[in-house]
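Encoded as structure tokens, the structure appears first; notes follow it.
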Amino acid sequence: LAAVEERLSALYAQVQEISAHNARSPYQVPGMSKREMDRAVDGEDAGDSNGLNASLAHTESSSDGSSEAEIDCNKAIFGETTLRRAGPSEATFTSSQTRGYSFSESAWDAIICIGHPSIGKVGTLWMSLLVCINIFIQLMFVYIIQTAFTSNPYDGEVLAALRWWRSGLAHDVADVDATSGTSLVSRLCNFDEALGTSASQRTIASDINDYGTSMNGPGAKMCLIAVFCWCLIIFEEISNVIRFVLAVLSMPRARKTFFVHRETEHEGGIAVDSLSWGRLVAALLVSAVRLAVAVLLGFSGTDFLVYTQTTQDLVLNAVALEFVLSIDELLFRVAAPARVRGLLSRLEELPIRRKAVDWRGINFTAFAMLLCPVAACAFTVAFRLQPALRDRAAAWECICGGNKMFVVATDGLGRAHWSPSEPFRGEGGAGASTYLHTAVLAVRDDSDRQAGLIRQESSLNQLRQAVKQPVSVMSAMLSCVDADLGIDDSQQERPWSMGQLILTKAYVQNGSASVDSCADVRPLCWQPDLPGIRARQWCPVTCGCASDGTGLLLVEPSLGCPVSCDSKYKYALQSAKCAERVLNDTVHDPGFTAYVQGLQTLFSIRTFEAPDIVALSHRMAELGCAAVADGGPVGEALCTGVAETINGTAKRRFRPVTSFCPVACGCDGSGLPGHKLTLAERTKEASDSSSGTLVLSGDCNRRMSLAGEYFFIGSAANGAPVFRSPAGHYIYYGPDCGPDDAASRWVLSPDLCNGNFMDAYILSRDPRRPPERGEWAMACLDDWQRVNLTLTQAPE
């Protein structure tokens, strides 16, 4: 009996201690004063005047010796929310027997707290505003992503624009690299870093090349990983929404929402005991909006990732999408009141009354959370990623597909012509070390070498004046001396130190590793492009601009040969006799052999192709000048130095064969090849037209005199006589000699029937013979001048 009494006394003491503790227990959340909590419990805010009528109940022992203490707070009502306290045994049962939804610090989950007496009326309005702001921002993000970031960057319009670029600028001859001869599209598709045009097309090509056009490419693999991770995030959000909805639907319904304070070992927790119908509807509406945002953002974000153009941007875009979903947490952390954060942090998870399906340690939820992202990725690959890759492949085909090594141009009739271009060798662009690059670096670094590399002008205008002169004008100012001799007296300075670097740095790919003298550039002399032009400008004697013994044919000033060299050549030609050597002497002459080889080389080069001239040159190697005399129109082209290319759209000027075959070219009055006359025919023609041989006298200050004898060589297409001097100048009635030509003048020119090039002319209406005396307009050294010329009949 004594032991029983002692046991009862101990139990009574414990009950008294628990009752006293409950009487002192603070039922407010962190941040709420005891006065505010007492008012909420006493029902002051709700207008309840009865207060807390039953503060503590006596402890009653159950059959198994357990005890229970409870404070009834049913009358502590704020609006619809009621707070009461539950004992430790009830809390233990709830947390151990249910698995539910755990609240997080989010504007979405804060909907459960709105209206609680602990956060006050202003706090309720503030949290409602935060929820609305969160919904607005996330919906705006969804709208912007869907309308601005999910369009296909390689749609039909883009592909059409790329096709237009490829069919136009990409192969335009005007955009060919001047140094390497590479087309624009070849440089672009090989990602030449020095490319200064078509930047957008180069960016597209570079992005597609880095991304790839198949599922094996790095871009597709990275995209698949990013989409899978994004789907995991979206389905986690959807799972949270579903679990929240199931939890609130599992809660008992009551007229008011009850929050229960539970005693735990360390601190009190708060559980939602029941929900009112109004709070349930509000929670379901917010959950519907949250679910809609997640689904819409899932589709838009997937398209956003699929249409991301670069592999690097995929990582950034995936992180940006995850940020959009975390805006609710950001708003809550930054702007939620302390009371709301404290209350939400102490809310226990909402129980979900459902039976978990578990099979050997794996439940259905875990399986579904992995299977759904995998299925979403499979859908994305089939209906989004693979079509996008096909569009990328189509864009790459538009830019870099097919043959890239050709260029096109149009002639005066609008006809299109094409020719092959040089392949991209990687020598141009950023890796090239040209003369100009070296000179620029010397000025940039203020190097002592710049004096020998580059000329300084005092102003921008003088610089423009210095560089605007074409090749022909500059060649007219050069003396016929090789620059490496150091005795140059040209009007334009040609220091060999500068020329040596120009020829070495710019044209090392043509076979010479260095240039020490003009002899090293001899292989460049026969080239019609820029390397050959520079070689003839700096080394005219070595290249043969002043003689016919080297086989050089490109002697026009526009192709680099100084005008003074041409004057020397023509002066020597004037003293030559009108007679041809025998066949054996001709075909074994090194100069004639070099000329024939020059014909075969020049007219086999691209843009100079003339198969008829090449064929005639092979006959010349066997028959000598007889092949020229019998060559017809092709022989006439060799005698006049004007030939049409294979497509007939361009005329190429070169050194004629008259120095080797003067009789074949009609110096004796027999006419040009194809128009040869017998001696009787020549005599009759001269008698009928009063043509014969004319002697020109009178001149102005010119580099080369036009005075001398002019032999009748035949008639032009318009029927007027044509005269030619041994130096290669013509007197004809033109300007173009055509049968339908509105001829109105007699012309003195080194080019027969070329109205674009004249040395002198006089207006006349008589096509039978040039006037014996008259005032001719003549191109002198200073300018065009009026000069009195006399043309008399040479004695028989």
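The values are calculated or read from the model by the stated rules, or taken from the named source; none is laboratory data. The structure presented is a predicted model; accordingly, all values stated were derived computationally and were not measured. Here the Cβ positions follow ideal geometry from the backbone for every residue, glycine too, while neighbour counts run over all protein chains shown. The protein model used for the area step is the full one, side chains on, heavy atoms only, and it has no ligands, DNA or RNA in it. Shrake-Rupley method; radii C 1.70, N 1.55, O 1.52, S 1.80 Å.
Scanning region 514-553 for residues that are modelled with pLDDT of 85 or more, of a type in the set (A, V, I, L, M) and out of contact with any helix residue (DSSP H, G or I) (no Cβ under 7 Å at 6 or more places or on another chain) gives a single hit, Val541. The one condition from (1) in a loop (DSSP other than H, G, I, E, B); (2) open to solvent by 40 Å² or more (accessible area, probe 1.4 Å); (3) among the polar types (S, T, N, Q) that Asn754 does not meet is (2).
Based on this model, can you work out whether Gly301 counts as closer than 15 Å to Ala226 by Cβ and either open to solvent by 50 Å² or more (accessible area, probe 1.4 Å) or modelled with pLDDT of 90 or more (or both)? Judged against the criteria, Gly301 is a match. Residues in region 718-730 that are within 16 Å of Cys665 (Cβ to Cβ) and either within 57 Å of the chain's Cα centre (by Cα) or buried (at least 22 other Cβ atoms within 10 Å of the Cβ) (or both): Val722, Phe723, Arg724, Ser725, Ala727, Gly728, His729, Tyr730. If I filter region 561-570 down to residues being under 13 Å from Arg655 (Cβ atoms) and touching a helix residue (DSSP H, G or I) at 6+ places or on another chain (Cβ under 8 Å), which single residue comes out as surrounded by the most Cβ atoms within 10 Å (Cβ to Cβ)? It comes out as Cys561. Taking first residues from region 770-796 that are over 19 Å from Pro735 (Cα atoms) and partners that are among the β-branched types (Val, Ile, Thr), the Cβ contacts under 6 Å between residues at least 6 apart in sequence or on separate chains come to Arg773/Thr790; Thr792/Val695; Ala794/Thr693; Ala794/Val695. Filtering Ser687, Ser691 for residues that are modelled with pLDDT under 70 and surrounded by 23 or more Cβ atoms within 10 Å (Cβ to Cβ) leaves a single hit, Ser691. The set of residues in region 694-710 being outside any loop (DSSP other than H, G, I, E, B) and buried (at least 22 other Cβ atoms within 10 Å of the Cβ) consists of Leu694, Leu696, Tyr710.
If only residues of region 757-778 that are over 23 Å from Phe711 (Cβ atoms) and not basic (Lys, Arg) are counted, the one that is surrounded by the most Cβ atoms within 10 Å (Cβ to Cβ) is Ala777.
Listed by first and then second residue, the pairs with beta-carbon distance under 8 Å, at least 6 apart or on different chains, first residue in region 185-212 and more than 19 Å from Ser167 (Cβ to Cβ), second in a helix (DSSP H, G or I) and polar (S, T, N, Q), are Phe191/Ser206; Phe191/Asn209; Asp210/Thr311; Tyr211/Thr311.
Against the condition assigned to a helix (DSSP H, G or I) and either open to solvent by 40 Å² or more (accessible area, probe 1.4 Å) or farther than 23 Å from Asp155 by Cβ (or both), how does Leu321 come out, does it pass? Don't jump to the end; show me each part of the working.
On the way: assigned to a helix (DSSP H, G or I): yes; either open to solvent by 40 Å² or more (accessible area, probe 1.4 Å) or farther than 23 Å from Asp155 by Cβ (or both): no.
No: the conditions fail for Leu321.
Report yes if some residue within region 259-270 is at pLDDT 85 or above and over 30 Å from Ala376 (Cα atoms); otherwise report no. No - not one qualifying residue is present in region 259-270. Pairing residues of region 746-758 that are under 14 Å from Ala777 (Cβ atoms) with residues that are among the aromatic types (Phe, Trp, Tyr) and part of a loop (DSSP other than H, G, I, E, B), at Cβ distances under 8 Å and at least 6 apart in sequence or on separate chains, gives Ser749/Phe757. The single condition among (1) under 20 Å from Gly692 (Cβ atoms); (2) of a type in the set (Gly, Ala, Ser); (3) modelled with pLDDT of 85 or more that Ser764 does not meet is (3).
Condition check ((1) surrounded by 20 or more Cβ atoms within 10 Å (Cβ to Cβ); (2) touching a residue at least 40 places away in the same chain (Cβ under 8 Å)) across all residues:
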site: Asp589; (1), (2): no, yes
site: Ser604; (1), (2): no, no
site: Glu609; (1), (2): no, no
site: Asp630; (1), (2): no, yes
site: Lys651; (1), (2): no, no
site: Val657; (1), (2): yes, yes
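Candidates Ala288, Ala294: the one that is surrounded by 20 or more Cβ atoms within 10 Å (Cβ to Cβ) and over 27 Å from Arg202 (Cβ atoms) is Ala294. If the condition is being among the aromatic types (Phe, Trp, Tyr) and either part of a loop (DSSP other than H, G, I, E, B) or exposed (fewer than 14 other Cβ atoms within 10 Å of the Cβ) (or both), then region 96-138 contributes Phe103, Trp108, Phe136. Of the helices (runs of 4 or more DSSP H) lying entirely inside region 139-254, those containing at least 1 residues that are open to solvent by 70 Å² or more (accessible area, probe 1.4 Å) and not basic (Lys, Arg) are 156-167, 199-211, 218-250. Leu296 passes every criterion in (1) of a type outside the set (Asp, Glu); (2) in a helix (DSSP H, G or I); (3) touching a Phe, Trp or Tyr at 6+ places or on another chain (Cβ under 8 Å) apart from (3).
Taken over region 382-408, residues that are open to solvent by 30 Å² or more (accessible area, probe 1.4 Å) and part of a helix (DSSP H, G or I) amount to 11.
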